[in-house]
Amino acid sequence: ETVDRLLRLHFRDGRTRVNGDAQLLMAEMLKVFVRGDEPVPGDGVPPPAAPQRSPHAEAAARAARQAQAEDLEKVDVEHVEKVLPQLVGSG
């Protein structure tokens, strides 16, 4: 319900609907942005052995390069969406 309300804050048309898969995806993305790279205590995931480039930094860098390739000065959500397939499974 919280994710749905957050999404609705940015809808221009009040009739816009979000399906369950989109809500789940958005919830996962929010977790990533809120928690960052820090492991949650007790989640069973050990910290990385060696410092690596943050997947969030990688996503931001690729989105910025995408915006530059389109001769734009501002990175928008569409640029992040365009690079997401490149990042799936690369971490």
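The values are calculated or read from the model by the stated rules, or taken from the named source; none is laboratory data. Just so it is clear, the model here is predicted, and its values are computed rather than measured. Cβ placement follows ideal geometry from the backbone for every residue including glycine, while neighbour counts extend to all protein chains displayed.
Here is how the numbers come out for the structure above:
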quantity	calculated
Selection within the stretch 71-91 - surrounded by 11 or more Cβ atoms within 10 Å (Cβ to Cβ), in contact with a helix residue (DSSP H, G or I) (Cβ under 8 Å, 6 or more places away or on another chain) and of a type in the set (D, E, K, R)	Asp76, Lys82
Selected residue (criterion: modelled with the lowest pLDDT) from residues of the stretch 46-91 that are part of a loop (DSSP other than H, G, I, E, B) and under 21 Å from Leu25 (Cα atoms)	Gly91
